[in-house]
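A.B. asks: Pasting a structure here, questions to come.
The values are calculated or read from the model by the stated rules, or taken from the named source; none is laboratory data. Worth saying up front: this structure is predicted, and the values here are computed from it rather than measured. We place every Cβ from the backbone using ideal geometry, glycine too, and count neighbours over all the protein chains shown. Calculation scope for accessible area: heavy atoms of the full protein, side chains included, ligands and nucleic acids excluded. Shrake-Rupley method; radii C 1.70, N 1.55, O 1.52, S 1.80 Å.
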Amino acid sequence: MTRRLPRLALTPGEPAGVGPELVAELAAGDIAADLVAIADPALLYAAAAARGLALTIREYDGAPLAERAPGELRCIPVATAHPVVPGTLDRANAGYVLDTLARAADGCLAGEFDAIVTGPVHKGIINDAGVPFSGHTEFFAARAGSDVVMMLATPSLRVALATTHLPLRAVADAITREGLVRTLAIVHADLVDKFGIDEPRIAVCGLNPHAGEGGHLGSEEIETIKPALDALRAEGMRLIGPLPADTAFVPEQLERCDAVLAMYHDQGLPVLKAQGFGSAVNVTLGLPFIRTSVDHGTALDLAGKGTADAASLVAAARMALRLASLKR
Ligand SMILES: NC(=O)C1=CN([C@@H]2O[C@H](COP(=O)(O)OP(=O)(O)OC[C@H]3O[C@@H](n4cnc5c(N)ncnc54)[C@H](O)[C@@H]3O)[C@@H](O)[C@H]2O)C=CC1
Ligand SMILES: NCC(=O)COP(=O)(O)O
C-alpha cells in the first residue's frame with residue numbers, strides 16, 4: 001500500500017500579518033507532510049511573491065497524498081471579505097479568520113487532518129469587529145468542548161500556563177484549587193500521552209514574590225496552590241513547589257522537571273521567549289486533536305517585507321508531525 005503523508009491543516013491567521021508569507025515559506029521547504037492551507041489562495045500567492053518564492057497551489061479534494069514537492073501546497077479556499085493590505089488591519093476580515101479556524105477544527109474533529117498548525121491572529125481586530133475572542137486556545141477549546149491548557153516549548157523548556165489572556169488584575173481571582181487540579185491533570189496526561197514522558201515531573205510556580213513568604217506576601221500559595229498540589233501528590237503525581245517564580249527557571253531547577261506551570265502569561269512566557277523566541281512552539285494541551293502554533297504574533301511591522309523569520313512555524317509543523325506520529 002502507498003504511504004500517505006500526514007496531513008496538516010494550516011491556518012495563516014491574520015491576513016495582514018506575517019502568517020501568509022510564513023505559510024508560503026513552510027510550503028517552499030521539504031517538510032514531509034500533506035500541507036493543506038485554509039486560506040484565500042490569492043493572499044498566499046501574493047505573500048509568496050513578497051518573499052520571492054514560487055508556489056504551486058492546488059485545490060484540496062480530500063484525496064490522500066503520497067508525496068509533496070517543495071513549493072506544493074493544497075488549499076481549501078476561503079475568500080477574504082476585503083482586499084488585504086499587508087500591515088494594515090481591517091475588521092471586515094475578522095470573519096474570514098474565524099471561518100478558517102472553524103474549518104480546521106471541524107476537519108480535525110472529523111479525522112480529516114492529523115493536526116492543525118496555526119499562524120498568528122490579531123485578537124484586538126477580531127474583538128473590534130464585535131466578536132469576543134481571546135485566542136486560538138479558547139476558540140478551539142469551545143469548538144471541541146474541552147478543557148485545555150496553553151503550553152509553549154523550546155527544545156529544552158516547556159512552560160504551561162494556569163491562566164492565559166487575562167488582565168493582571170483578574171489573575172489572582174482566576175486561580176482556584178479546582179482549576180489548578182484540572183490544569184495539572186491535563187498537563188500530566190498530555191505529557192504522558194502526547195509527549196511520551198512516563199511519570200512526568202512538573203514544577204509549579206507560586207503566584208506571589210517568594211511564593212508568598214510564608215503568608216506574609218499573599219495567601220494564595222497556602223490556601224490554594226499547595227492544597228491543589230497535595231491532593232494531586234496523593235494520587236501519585238510528581239509535583240515540585242509551589243516555587244518562588246524568580247528562581248523556578250534557573251538551570252538546576254529545570255533539570256529536575258519536564259515542565260513548569262506558571263500562574264500567568266507574563267510569569268512564564270518572557271523566560272521562554274528570552275531563551276527561544278522565534279523557534280518555540282505553542283501547543284494546546286487537552287484537545288481531542290493536535291494543535292501547534294507559532295510563538296510570535298502578527299508582526300504587522302514586518303508584513304509584506306519578506307523578512308519575517310519562519311523558524312517558529314516550521315518548528316510548530318515539525319512538532320505537530322512528531323505528536324501525530326506518536327498518536328498514530
Ligand atoms: N499565536 C498567535 O496567534 C499570537 C498572536 N499574537 C497577537 O499578535 C498581535 C501583535 O502582538 P505583539 O505583542 O506585537 O507581538 P509580535 O510577536 O507580533 O511582535 C513583537 C516583536 O517581534 C517581532 N516578530 C514577531 N514575529 C516575528 C517573526 N516571525 N520574525 C521576526 N520578527 C518577528 C515583531 O516584528 C515585533 O518587533 C497581538 O494582537 C497579539 O495578540 C501574539 C502572540 C501569539
Ligand atoms: N501569548 C500566546 C498567544 O497569544 C497565543 O495564543 P493562542 O492564539 O494560541 O491562544
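A.B. asks: Using a 1.4 Å probe on the protein heavy atoms, what percent of the accessible area of region 1-94 belongs to carbon and sulfur? Intermediate values should be presented prior to the final figure.
C.D. replies: Working: 2160 of 3940 Å².
Solvent-exposed carbon and sulfur of region 1-94 make up 55 percent of the total.
A.B. asks: Something else about it: Suppose R0 equals 25 Å. What FRET efficiency, 1/(1 + (r/R0)^6) with r the Cβ-Cβ distance, do S146 and I240 give to the nearest 0.05?
C.D. replies: 0.40
A.B. asks: Given a Förster distance of 51 Å, report the FRET efficiency between E112 and H216 from their Cβ-Cβ distance, rounded to the nearest 0.05.
C.D. replies: Taking R0 as 51 Å, the efficiency between E112 and H216 is 0.40.
A.B. asks: Please report the orientation-averaged projected area of region 138-190, defined via the convex hull of its C-alpha atoms, in nm².
C.D. replies: For the Cα atoms of region 138-190, the hull's average projected area reads 4.5 nm².
A.B. asks: Quick one: what do you get for the chain if you divide its Cα Rg by 2.2 N^0.38 Å? If you can, show how the numbers build up before the last one.
C.D. replies: Working: Rg = 20.2 Å, N = 328, 2.2 N^0.38 = 19.9 Å.
The reported ratio for this selection is 1.02.
A.B. asks: I would also like to ask the following. Residues of region 111-183: accessible area per residue at 1.4 Å, in Å²? Display every interim value, and only then the final one.
C.D. replies: Details: 3180 Å² over 73 residues.
With all protein chains present, region 111-183 gives 44 Å² per residue.
A.B. asks: Only Cα pairs within less than 10 Å get springs; with that Gaussian network setup on the chain, which residue of G119, G306, G17 has the largest fluctuation?
C.D. replies: Of G119, G306, G17, the Gaussian network model singles out G306 as fluctuating most.
A.B. asks: Give the Rg (one decimal place) followed by the Dmax (whole number) of region 181-328, computed from C-alpha coordinates and expressed in Å.
C.D. replies: For region 181-328, the Cα radius of gyration and maximum Cα-Cα distance read 17.2, 54 Å.
A.B. asks: Scattering from the C-alpha atoms of region 11-142 alone, worked out with Debye: what is log10 I(q)/I(0) at q = 0.10, 0.20 1/Å?
C.D. replies: -0.30, -1.18
A.B. asks: Could you give the length gained by full extension between Q275 and D99, i.e. 0.36 nm per residue of separation minus their alpha carbon distance, to one decimal place?
C.D. replies: On the way: separation 176, 0.36 × 176 = 63.36 nm, distance 3.38 nm.
Stretched out fully, the Q275 to D99 stretch lengthens by 60.0 nm.
A.B. asks: With +1 assigned to the C-beta of every Lys and Arg and -1 to the C-beta of every Asp and Glu, and no other charges, what is the dipole magnitude of the chain about the Cα centre in debye, to the nearest 20?
C.D. replies: Roughly 580 debye for the chain.
A.B. asks: I've got another one for you. Hey, can you grab everything whose amide H is under 5 Å from the amide H of D34? Only 5+ residues off in sequence or another chain; H modelled, so Pro and N-termini drop out.
C.D. replies: R7, L8
A.B. asks: In addition: Roughly how many nanometres apart are two label points built 7 Å out from the Cα toward the Cβ at E223 and T247?
C.D. replies: Those two pseudo-labels are separated by 2.7 nm.
A.B. asks: Next question, about the same structure. Calculate what fraction, in whole %, of the accessible area of region 205-293 sits on carbon and sulfur atoms when a 1.4 Å probe is rolled over the protein chains.
C.D. replies: After summing per-atom areas, the C and S share lands at 53 percent.
A.B. asks: Which loop-located GluC sites (Glu not before Pro) does region 189-292 contain, where loop means any DSSP state but H, G, I, E or B and the Cβ has at most 15 other Cβ atoms within 10 Å?
C.D. replies: Hits after loop and neighbour filter: E235, E255.
A.B. asks: So, one more: Per-residue accessible area for M237 at 1.4 Å probe radius, Å² rounded to 10?
C.D. replies: 30 Å²
A.B. asks: Now for a different question. Please compute the Kirkwood hydrodynamic radius of region 209-276 from all pairs of different C-alpha atoms, in Å with one decimal.
C.D. replies: In region 209-276 this quantity evaluates to 13.0 Å.
A.B. asks: In addition: What's the center-to-center distance, using Cα atoms, between region 166-215 and region 252-328 in Å?
C.D. replies: Measuring centre to centre over Cα atoms gives 18 Å.
A.B. asks: Tell me what the chain gives for mean residue ellipticity at 222 nm when only DSSP H runs of n ≥ 4 count, each as -39,500 (n - 2.57), the sum divided by the residue total, rounded to 500 deg cm²/dmol. Intermediate values should be presented prior to the final figure.
C.D. replies: Working: 12 runs with 120 residues, N = 328.
Estimated from H runs of four or more residues: -10500 deg cm²/dmol.
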